[in-house]
1. I'd like the residue in the range 1-21 that is loosely packed, with under 10 Cβ neighbours inside 10 Å and assigned to a helix (DSSP H, G or I) and, out of all such residues, is nearest to the chain's Cα centre (by Cα).
Amino acid sequence: MPQVGPLEILVVLVVALVVFGPSKLPQLGRQVGRGYREFRKFQQGFRDDIEGAFGDDDVPRYEDGADDTPRQIEARKPDHSAPPEPPPADTTS
């Protein structure tokens, strides 16, 4: 897929300015922004639906009823490691 650089963006903006004029360009920019935002919302919703349908069914649920990711599960596990040893006592008196 080709990369879009600053020169290509500048050419598109100049063409849009010539075609639509300076008075319509801000409205066009807002409409494009709204359309892009709606597309992203749809895409995220679709992705969430797919992950929900194919997600792990064996994810533990806690008393609050929330599903947790593996990283959150690791964070909830108690730390059973031994406490650090105290530094040796200074015997040079």
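The values are calculated or read from the model by the stated rules, or taken from the named source; none is laboratory data. Note that the structure is predicted; figures quoted are calculated from it, not measured. For neighbour counting, all protein chains shown are included, and Cβ atoms are generated from backbone atoms with ideal geometry for every residue, glycine included.
1. Pro6
For (1) surrounded by fewer than 10 Cβ atoms within 10 Å (Cβ to Cβ); (2) at pLDDT below 90, each residue gets a yes or a no:
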residue	(1), (2)
Ser23	yes, no
Glu51	no, yes
Asp68	no, yes
Ser93	yes, yes
